Number of protein chains: 2
Amino acid sequence: MSAHIFVVEDEKPILTLLTYNLQKEGYKVSSSSNGEEALSSIKEKKPDLVLLDWMLPDLSGIKICQYLKQDEKVKNIPIIMLTAKGEEEDKVKGLNTGAEDYMTKPFSFPELLARIKSLLKRVKPNIVSEEATYLDLKIDRESMKVFRKEKEITLGPKEYKLLDFLIKQPKRVYSREQLLEHVWGDDINVESRTVDVHITRLRQSINIEGAKPLIRTVRSAGYSLEN
Amino acid sequence: MSAHIFVVEDEKPILTLLTYNLQKEGYKVSSSSNGEEALSSIKEKKPDLVLLDWMLPDLSGIKICQYLKQDEKVKNIPIIMLTAKGEEEDKVKGLNTGAEDYMTKPFSFPELLARIKSLLKRVKPNIVSEEATYLDLKIDRESMKVFRKEKEITLGPKEYKLLDFLIKQPKRVYSREQLLEHVWGDDINVESRTVDVHITRLRQSINIEGAKPLIRTVRSAGYSLEN
DNA sequence: TAAATATTTAACAAATCTGTAACATTACTC
DNA sequence: GAGTAATGTTACAGATTTGTTAAATATTTA
């Protein structure tokens, strides 16, 4: 499962280069060149790592960093700051704000890549905890049990896996292809419509009398765990 | 049973903060800001985990780590290194020395906590008590006897080992591969279906008239001790 | 509103997984 | 060394899960 990197950078050439190279390495890349937009995008998408340019037209990188590190839901996403030469003194400030690493422009891509890998290695493993909840739905990965409103629910293996995956990032919409890749496995040959069927089965399983439905269909896009 | 964490840190504010937060989480905390002292203290007290600052006035963290990892009696205590920014290159060296994890200062406490928990979970199961029970099932490791409802049960060696392992974390689901690794031993070459057969035998052995079955099958995943 | 497009769901056959008996082999015991 | 116990493998029946299809619904578009 490849990591998702969010790049905040307003210099087009640099952004293009970064995106191209990171994708070539197999990372999923999203980006924004606008501070405000980046902030909300990151909170919504919950990437695995953020590359954050120091100098943005509307909102400084340090502010973004501050906001992110104050938000319980995203504070654990590691941030690598990209600072230009003259801003060296601010580094300390930046690091105190909570950025996990920084690099000075112009930087070498291999070095950046090394830092990214090292950070991801450290952070990725503990993102998956033994228990996950979304509203009144709970999954206990240790005993592999699922509960809705404290009541145990039995799921088939695929449904369990599907839910296990969806609950990692509630509200995030996944395409059928993404679900196939992550839940089924990449080499497997399965029709994408099959996902529909399993979603239906999962829906039926986790559905409880008098509770909201928990899986949203986004037409022509995919599904998400949400109500 | 709460874990005992030993903190080696010479920066007072950080030490205070760590101690306070860890205690709030229910851990027992000891500490030292002095390398030599820490070393002997750890050997004497045998904490469940060590938080080790990289930079100490008298003895570098890496040295302490080395000494601890060379000592048969304490080498199994997990160590989390706390490194400051400038020492990045040493990280590799630190990890090679045998530290189980490291974090770069400034670090987020929730993340540290997550790492601590994950490490303790990995290490704690190995700390076995003389007696373990799950519901009406009791295993006495000293005499190697097993009881169900006060009545002694005879198990074959493999069945005993299997139960011995399963009862360490009741309800946790283990895959056949995990069971093979822990109960049989890693180098051994045994079909994973063999586990099934031994589970069946164990079931038959611990089964008693009018009592619940105690081993759960989780389809396509494995088995757990549970009813 | 009809046509086009997309999703839900039931039904069913195929595939997968598990439990256990039977047997072969190995390891122990006396 | 014969006899006994423990272990691992295999085969097969039964149970469960899965993928596919097709028809029924729902939603969007023209």
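The values are calculated or read from the model by the stated rules, or taken from the named source; none is laboratory data. Note that the structure is a prediction, hence the values are computed from the model and not measured. Neighbour counts are summed over all protein chains in view; Cβ atoms, including those assigned to glycine, are modelled from backbone coordinates with ideal geometry. Side chains included, ligands, DNA and RNA excluded: accessible areas come from the protein's heavy atoms. Shrake-Rupley method; radii C 1.70, N 1.55, O 1.52, S 1.80 Å.
Computing FRET efficiency as 1/(1 + (r/R0)^6) for B:Lys145 and B:Glu209, where r is the C-beta to C-beta distance and R0 is 25 Å, gives about 0.80. Rounded to the nearest 500, the 222 nm mean residue ellipticity of the protein assembly as shown from helices alone is -11000 deg cm²/dmol, with -39,500 (n - 2.57) taken per DSSP H run of at least 4 residues. The fraction of Cα-Cα pairs per 10 angstrom bin, counted from 0 for the protein assembly as shown, comes to 4, 17, 23, 25, 21, 9, 2, 0 percent, rounded to whole percents. Roughly how many Å is it from the Cα centre of segment B:24-44 to that of segment B:154-184, as a whole number? Between the Cα centre of segment B:24-44 and that of segment B:154-184, the gap is 34 Å. Between this copy and the others, label points of B:Ala84 are 3.0 nm apart in ascending order, each placed 7 angstrom from Cα in the Cβ direction. The phi torsions of segment A:15-32, fed into the Karplus equation with coefficients 6.51, -1.76 and 1.60 and a -60° offset, translate into couplings of 4, 4, 4, 4, 4, 4, 5, 5, 5, 4, 7, x, 7, 8, 10, 10, 7, 7 Hz, rounded to whole numbers, with Gly and Pro shown as x. Around the amide H of A:Ser31, modelled in the peptide plane, lie the amide H atoms of A:Val7, all under 5 Å away and 5 or more residues distant in sequence or on another chain.
Over segment B:131-225, Cα pairs under 8 Å with separation of 6+ residues give a relative contact order of 27 percent.
Working from label points 7 Å from Cα in the Cα-to-Cβ sense, the A:Ala221 to A:Ser108 distance is 4.2 nm. The contact between chain B and chain A removes approximately 1700 Å² from the accessible area (both sides summed; 1.4 Å probe; ligands, DNA and RNA excluded). Annotation: the antiparallel percentage among DSSP beta bridges lying fully within chain B is about 50.
If contacts are Cα pairs under 8 angstrom and at least 6 residues apart, what is the relative contact order of chain B in percent? Reported relative contact order: 12 percent. For label points placed 7 Å from Cα toward Cβ, what is the shortest-first list of nm distances from A:Ser30 to its copies? Those separations, rounded to one decimal, come out as 4.7 nm. In nanometres and ascending order, the distances from the B:Gln66 label point to those of the other copies are 4.4 (point 7 Å from Cα along Cα→Cβ). Shape summary of segment B:158-205, radius of gyration then Dmax from alpha carbon positions: 10.0, 28 Å.
Going from the isolated chain to the complete set of protein chains, segment A:133-150 loses at least 30 Å² of heavy-atom accessible area (1.4 Å probe) at A:Glu142, A:Ser143, A:Met144, A:Lys145. Set the Cα radius of gyration of chain A against 2.2 N^0.38 Å, with N its number of residues, and you get 1.13. Cα convex hull, segment B:131-225: 94 Å³ per residue, rounded to a whole number. Here the Gaussian network model covers chain A, with springs between Cα atoms less than 10 Å apart; of A:Lys46, A:Lys149, A:Lys168, A:Lys149 fluctuates the most. Averaged over peptide B:101-111, the number of partner chain Cβ atoms lying within 10 Å of each residue's Cβ comes to 4.
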